Structure formats: structure tokens, C-alpha cells
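Structure first, then comments.
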Amino acid sequence: MSKDKIEKWILPHLSKGKRGFSTKFDLVKIIQTIIKGGESIGYQSRKSAKTSNMIFLCDNRGQMLSMGNSRSGNHHDLYEIEDVMGEIIEILSEAEISHKGLFLNADSGFDSENLRQKLEMEKIVGNIKTNPRNGKTTDNDYYFDEKLYESRFKIEQANAWLYGFKALLIRFETLDITWKNLHFLAFSLRLIKKLKV
């Protein structure tokens, strides 16, 4: 929204307090920031709001290990999934956590040929439930272990724990890097609590 429109249509209708100090900040820039929202923000119709998405990776005990960069909320989980998995694996490599030979549980929303190929290339065993909407037949050669899939609930528990932090649930930060670093801080806090330090 342009400066002229904000000065003409919004600023005259803002209430002016009778007490206290007057602001030294440029109200036009504040309003532009509020309207824009920040980096990687997109309108998600099912939530009727502007949102961001992140994909997380946790271990079998629910400890968050890695995450992809945020994507705007108007995209589904499989949007640029090869890049997201690359970002997740890069963080694991920087932390010197070996990912080769690991089993990755994912729900049917992640059933895509691109993701399966990326996991195979990285030597990660994908335990992904097939999505009946994809029209695939039951005679595919994909590995799927129902018993192992039951432990997928760990990521749901870890996500629920993350949602306990209001700063992570409702995104107030405009920069992606700030929001991502807050997630790393929460991951560290969870690890410290588990270690009982």
C-alpha cells in the first residue's frame, strides 16, 4: 500500500491519545509493516489468515533435530520438498548427526515421487503411507512398515509442545531468520529439560 493511500485513508481515522507522549516513529512505515506481514507469508484459505509453514524432523523420543526454512502458507507441505529436505539434511550434517540409514515416518500428505527419490538419494528409508488420492495401485514397491508408522505420533507430540510457545505459534517476527532461531532456541530448551540439567 502506498504512502499516499495510508496518509489519506488510514492515518486520519487512528485515535490520538490525550495523555502520554506522541510517537517519534513514522506511522506510515509501521502500517506498511503490519499490512505486509513479513518474509515467507502467504494467505491460507482454510485458516483465513496469512501464515507460514515449516517442516520439522524429530527423533524417536520426540526431540526436534532439524527443520526446513519457512515457506509461505499458501503452499502445501510438498511445495519445494526437495529443497526443504536438503535444508533439513544440511542442518543435520552441520550438527554432525548422520542421516544415512535412518527411517523417516511421514503421513500420506508427503506421498510424492520427488520426496521418495530425494530420500533414496540421501540413503534415508522413507516409511511413507501411500495416499489413495494419488491414484497409485497397491502393487507399488514402496517400503511401508505399519508398526514403525505408529511411532509417527512423536512428531505430533513434539509439534504440540512447540505450540506451547506463543512466539512460535503466532508469528510476530518479520524476518525468517529470527523466527527460525526462536525455533532452535525452543529445541535447545526441550533438550535441556530432557537432560534435566
Exercise. As a check on your grasp of the helix formula, calculate [θ] at 222 nm for the chain: sum -39500 (n - 2.57) over DSSP H runs of n ≥ 4, divide by the residue count, round to the nearest 500.
Key: -10500 deg cm²/dmol
Quiz prompt | Across Lys123/Lys194; Lys5/Lys166; Lys47/Lys180; Lys166/Lys193; Lys8/Lys166; Lys47/Lys166, pairs whose alpha-carbon gap is larger than 25 Å | solution = Lys123/Lys194; Lys5/Lys166; Lys8/Lys166
Quiz item: Which whole-Hz couplings ³J(HN,Hα) result when phi for each residue of the range 11-28 is put into the Karplus expression 6.51 cos²θ - 1.76 cosθ + 1.60, θ = phi - 60°, listed in order with x for Gly and Pro?
Solution: 4, x, 9, 6, 6, 10, x, 8, 10, x, 8, 8, 5, 9, 7, 6, 5, 4
Self-check item: Residues with amide H under 5 Å from that of Ser66, placed H, sequence gap 5 or more
Solution: Leu57
Quiz item: What number, in percent, do you get for the relative contact order of the chain if the mean sequence gap of Cα pairs under 8 Å and at least 6 apart is divided by its residue count?
Solution: 18
Self-check item: Dipole-positive endmost among Val28, Tyr149, Asn127 within the chain (Cβ charges, Cα centre)
Solution: Val28
Self-check item: Within a Gaussian network of the chain (alpha carbon springs, distance under 10 Å), most fluctuating of Lys129, Lys50, Lys16
Solution: Lys16
Quiz item: Taking springs between alpha-carbon atoms closer than 10 angstrom, which of Thr33, Thr130, Thr51 fluctuates most in the Gaussian network model of the chain?
Solution: Thr33
Practice problem: Calculate, in nm to one decimal, what Asp107 and Ser93 gain on full extension: separation in residues at 0.36 nm each, minus their alpha carbon distance. | Solution: 2.6 nm
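Expressed as a fraction of 2.2 N^0.38 Å, the rule-of-thumb size for a compact globular protein of N residues, what is the C-alpha radius of gyration of the range 1-54?
Against the empirical 2.2 N^0.38 Å value, I get 1.47 for the range 1-54.
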Quiz item: Size of the dipole of the range 56-195 about the Cα centre, Lys and Arg at +1 and Asp and Glu at -1 on the beta carbon, nothing else charged, in debye to 20?
Solution: 660
Practice problem: Please give the contour-minus-distance gain from Ser2 to Lys36: 0.36 nm per residue of separation, less the Cα-Cα distance, rounded to one decimal in nm. | Solution: 11.1 nm
Quiz item: For the chain, which span is the longest to avoid every loop-located (per DSSP) member of chymotrypsin sites (Phe, Trp or Tyr not before Pro) having at most 16 other Cβ atoms inside 10 Å?
Solution: 80-141
Practice problem: Would you work out which of Gly62, Phe103, Gly73 lies farthest towards the positive end of the dipole of the range 56-195, given +1 charges on the beta-carbon of Lys and Arg and -1 on that of Asp and Glu, about the Cα centre? | Solution: Gly62
Self-check item: Between the range 52-82 and the range 88-112, the Cα center-to-center distance that results, in Å
Solution: 11
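No lab work stands behind these numbers, since they all come straight from the coordinates. Computed from a predicted structure; not experimentally measured. Every residue, glycine as well, gets a Cβ built from its backbone with ideal geometry; the counts of neighbours run over all protein chains shown.
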